[in-house]
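What follows is a set of notes on a single structure, which appears directly below.
The values are calculated or read from the model by the stated rules, or taken from the named source; none is laboratory data. In this text, all values refer to a predicted model and were calculated from it rather than measured experimentally. Note: ideal-geometry Cβ built from the backbone for every residue, glycine included; neighbour counts use all protein chains shown.
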Amino acid sequence: MTTLQSVPALGTHPASGSLPSRAETREQLSKATYDLLVIGGGILGISTAWHAAQSGLRVALVDAGDFAGATSSASSKLLHGGLRYLQTGAVKLVAENHFERRAVSRQVAPHLANPLTFYLPVYKGGPHGAAKLGAGVFAYSALSAFGDGVGHLLSPAKAAQDVPELRTDNLKAVAVYGDDQMNDARMALMTVRAAVDAGATVLNHAEVTGLRFTRGRVTGAELKDRTSGDEFGVTARLVLNATGPWVDHLRKMEDPNAAPSIRLSKGAHLVLKRTSPWKAALATPIDKYRITFALPWEDMLLLGTTDEEYEGDPGQVEVTEKDTAQILDEAAFSIRDQQLSRDLITYAFAGLRVLPGGPGDTSKAKRETVVTEGRGGMLSVAGGKWTTFRHIGRTVMKKLEQLPGHPLGEDYEPVSALPKRLPLPGIANPNAVAHRLLVDGPAPGPRMAADTAKHLATHYGSLSFEIARMANENPELARRIHPDAPEIWAQVAYARDHEWAETADDVLRRRTTLTIRGLATDEVRAGVESMLRK
């Protein structure tokens, strides 16, 4: 394997239009009085901040870690209607999910989402019959107004052509349907950028150490910058607790006697190198309620997920040997052994679903959003799913609108008055962007590689041209970070200057795909850390 070259010596100074420094942001947060302070930079908090800023509120958003640093970057990477919900008769929910999925993938972020065909194999002795699943995928596609084609049954031979690793022993039929896929961390970062473009002030790696109270009401928070150790505070008329798995921890800061409101379910995933190209994903029924996915994603194969109750420290969630064995065993129902070798695993990750408190199997629990108000007036939001992130942001804002005393102020524009499908930054046709990147490359000099152009177009949209400009001005930034990945050094400089990257993991895990590809070597990590310090 080619060794990593030296880190580019140029590109050390932030470009024009770069973000304010952390010190400047801390000063701004500490001096202003905000209409809304959102604590938690997962997708629920980010979406709410985006909609609140669009509605004219003065918004601050903070997170103890990185944006989308926990649950929101540990999903199955899907925007989907929820085929399994038809099993419980939740027809209206599936239709609503489809509406949101289509809005995101067609109008809001077509540069960050892409359609994906799913094959649902029906094996002899499996939990569902071919007729039932055939009717199910037809109904599923009907609820999407057949926007992804008509759900139907396919012959095992045809399915095996598209998914060469499909296990065909005792395979009776294959049901076909359509959904969408995305890179969750990139979608979250673009939503943060949209919130900032609308006027929000944001800071990651800023931990809440306490809440501020005025006459018994929560009116802000005390924070500590984890990168510098500086302590500061933020004052706000309303505070939203959107800390995901930590939501009850913050609720106890407001009220030490607050009863638990949620329970947690762990979902683990594996990322593997592919042994052959996949033209479709597999969704294999494990039992009456659960499905295991095998998804072609970022030139790799994503397997999962698990679903079991979790009672430990949310910050310590990890993939165990039991999780790995379960995922591989369940994948083996429909995938040939050669694709499931442990030697092919490049990365494993786990996240926590936030579910409403209560008894019962977590795999059967509703993935619903719960908004509660504490005794100090702090609102807490928990639950939900990626597909409906826009809807959740609007739901929280409508809840704020209903609070007594009109706390949002006279300049507030009701969320219902906003455009229905606000696009995220960079919106563009990714194929057109990739084409332009290839034909508009520097001359003289090497053209941008096709895989790099495609990667930039599908992760940044039209913002790719800003990265290409940096690479054109400094050829060293046009070099690959690792020879086996499409990313270039200009992306690291861009993440530092425009995307709030503070640590190597911020870059390697969430702003590029180097970690999930198993390419975040010590040499790569050292090079990224060096560039972040410049």
Which members of region 45-54 meet the condition of being in contact with a Gly (Cβ under 6 Å, 6 or more places away or on another chain) and either among the aliphatic types (A, V, I, L, M) or not assigned by TED's automatic domain parsing to the domain that holds residue 218 (or both)?
53
For residue 219, the lone unmet condition from (1) of a type in the set (Ser, Thr, Tyr); (2) touching a strand residue (DSSP E or B) at 6+ places or on another chain (Cβ under 7 Å); (3) more than 19 Å from residue 58 (Cα to Cα) is (3)
Can you pull out the residues in region 252-299 that are polar (S, T, N, Q) and either free of Cβ contacts under 8 Å to residues at least 24 places away in the same chain or out of contact with any strand residue (DSSP E or B) (no Cβ under 7 Å at 6 or more places or on another chain) (or both)?
257, 275, 276
Residues being hydrophobic (A, V, I, L, M, F, W, C), surrounded by fewer than 21 Cβ atoms within 10 Å (Cβ to Cβ) and assigned to a loop (DSSP other than H, G, I, E, B) - total across region 366-396
0
If I filter region 411-433 down to residues being at pLDDT 95 or above and surrounded by 15 or more Cβ atoms within 10 Å (Cβ to Cβ), which single residue comes out as nearest to the chain's Cα centre (by Cα)?
424
Determine, yes or no, whether residue 69 is part of a loop (DSSP other than H, G, I, E, B), surrounded by 21 or more Cβ atoms within 10 Å (Cβ to Cβ) and of a type in the set (Gly, Ala, Ser).
yes
Taking the stated definitions as given, is residue 496 under 19 Å from the mean Cα position of the chain (by Cα) and buried (at least 19 other Cβ atoms within 10 Å of the Cβ)?
no
For region 269-320, give me the residue count where each residue is assigned to a loop (DSSP other than H, G, I, E, B), of a type in the set (S, T, N, Q) and exposed (fewer than 15 other Cβ atoms within 10 Å of the Cβ).
2
Within region 236-259, how many residues are over 18 Å from residue 220 (Cβ atoms), touching a helix residue (DSSP H, G or I) at 6+ places or on another chain (Cβ under 8 Å) and assigned to a loop (DSSP other than H, G, I, E, B)?
1
Can residue 476 be described as over 19 Å from residue 66 (Cα atoms), surrounded by fewer than 22 Cβ atoms within 10 Å (Cβ to Cβ) and either out of contact with any Asp or Glu (no Cβ under 9 Å at 6 or more places or on another chain) or of a type in the set (A, V, I, L, M, F, W, C) (or both)?
yes
Could you check how many residues of region 351-365 are at pLDDT 60 or above, under 21 Å from residue 258 (Cβ atoms) and part of a loop (DSSP other than H, G, I, E, B)?
1
